1. Could you work out how much longer the chain between Ala220 and Tyr434 gets when fully extended? Use 0.36 nm per residue separation minus the Cα distance between them, nm to one decimal.
2. Measure nothing but the geometry: give the 0 to 90° angle between the long axis through the Cα atoms of 304-319 and the longest principal axis through the Cα atoms of the chain, rounded to 10°.
3. For Lys219, which aspartates and glutamates qualify as cross-link partners when the Cα separation must be under 15 Å and same-chain residues fewer than eight apart are set aside?
4. What aspartates and glutamates does Lys465 reach when the alpha-carbon gap must be under 12 Å and sequence neighbours fewer than 8 apart in one chain are set aside?
5. Helix 413-429 against the longest principal axis of the chain: what's the angle in degrees, Cα atoms only, rounded to the nearest 10?
6. Give me the Å³ per residue figure for the convex hull around the C-alpha atoms of the chain.
7. Quick one: angle between helix 267-284 and the longest Cα principal axis of the chain, in degrees between 0 and 90, rounded to 10, please.
8. Take every DSSP beta bridge with both residues inside the stretch 39-432 and express the antiparallel ones as a percent of the total, to the nearest 5.
Amino acid sequence: MKRRTLIKGLATGVSSLYLSKLYAANPLQNQPNQEIAVGPFAPTWNSLAQYQVPNWFRDAKFGIWAHWGPQCQPERGDWYARGMYQEGSDQYKFHCEKYGHPSKFGFKDVVNEWKAENWNPEELVGLYKNAGAQYFFALANHHDNLDLYNSKYQPQWNSTKVGPKKDLIGGWAKAAKKQGLRFGVSVHASHAWRWYESAQLSDKNGPMAGVPYDGKLTKADGKGQWWEGLDPQELYAQNHALSRDSANPNSIHSQWGWQNGAVAPSKAYCDNFLNRTIELLDKYDPDLLYFDDTALPLWPVSDAGLKIAAHMYNSNMKRHKGKLEAVLFGKILDAEQQKCMVWDIERGQSNKIEPFPWQTDTCIGEWHYDRRIFDRKGYKSAQTVVHTLVDVVSKNGNLLLNIPVRGDGTIDSEERAVVENIGTWMHVNSEAIYGTRPWKVFGEGPAIESAAPISAQGFNEGKGKPFTAEDIRFTVKGNILYAIMLGWPTGNEALIKMLAGNEAGKVSRVSLLGNNQLSFEQTEAGLKVKLPGQAPGKYAFVLKIEGAV
């Protein structure tokens, strides 16, 4: 959700001279009210480099995410709470037609419309488990700054006090643990300070030109309103000057790491974010924590992210009796930072076997629910998801898949069909996914030559050549090699070039998952496998090969 290049040198910290000047101008020595757990990890990059990715995560391979919050209520797609304040944008026009002008009906009022009245977390998480997910993520807050749990550090603007008036994270956590899934939370609120700046603006044209949007309202303005007694500034965090070029909607992407003219957040803001996140971890005990940030939240203007990372690792070890089970994700990580946490690639894939476990996070539609995608039947197909999963796993990665949730807490019929079809494939073929590791090569086939490079934190998804039956991906478990064909070969015969008789071990047995043992011949051209006359299923087909490893 951000596009820019990581500042060189953040892996081990910026220079001491730079930091001394930065802190002198904006002192951010956090003094949290929430206690930071002590243990082997200290809030420094060097100390966090002790981290080892737990085997449970390496074995799990597949998770599902409910990227759900008040921005799903309008059903108009991503970053609604920002786009509705951008004059002339699609979301601005939609908002004016549906709710009224953002000077009169702001995002705080959208929050009040959101009731999550049909939300059934147990049913949804059960559906996701049946689809093969081994872990489940829930959105704890987004850039819109509403906490979706009972937060004493965001006491007015959380989902137990406004909107649904429910502890959504509590409900998700209970459902995930009942299903035996590892539970994760995603935290995005570090950016509200800069992200909401569009709410400080006003129209430049038309009858409302010059009338400020509601981003600067205060508690005193609420007399006689539904929000009387609430302070909008605790939601919008806009009691500060605008960043450079703030009126340009695209300028935020180059300022995501608090550079290039972004107004630095206050110490109070950073402390509040730190306390809210530590409280979230302590209250709900997630094993996974996703940050939508370069490296860590608020870095390098604050050490809050480093403190949260150390706290999570130390408290998780204490909870698991000395064994570290925690997984923390960061974006745009260099080689040193990848030792400290798991590298997350948004909407994209690596083009090689990565030395450390990593994760792709993607979505079958928009991150926030968009009704138009359902109407035009525009979701990613189950085949696309399966192919992505197979490709990622072959390169030492995991897949986290968002299924957008409607404002009322349900998913639509098209989404449900995608999830169920993924489950159908996984029930037959998950042996080649769970608990596997990369082989000496991740695959073969024409799509490798056309793979698109990663841009910033990802965003190379769908830019390469489509997969065909000639595209094969490999995984290994013990002495078994799995060759996953991303299509059904013509002529009902498969050729695996990497298993040519003069290059590989002697193959002793080949079978097709979901079918029986197959006849084969290992030649100088490759392993030729005679397939049955009819494909056993859809999307991708797994040859289980013994003797080659």
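No lab work stands behind these numbers, since they all come straight from the coordinates. Predicted, not measured: the structure shown is a model, and the values here were computed from it. Please note: Cβ atoms are built from the backbone with ideal geometry, for glycine as well, and neighbour counts cover all protein chains shown.
1. Length gained, Ala220 through Tyr434: 71.5 nm.
2. 60
3. Asp109, Glu228, Asp231, Glu234
4. Glu449
5. Long axis of 413-429 versus the principal axis of the chain: about 40 degrees.
6. 152
7. Tilt of helix 267-284: around 50 degrees.
8. 5
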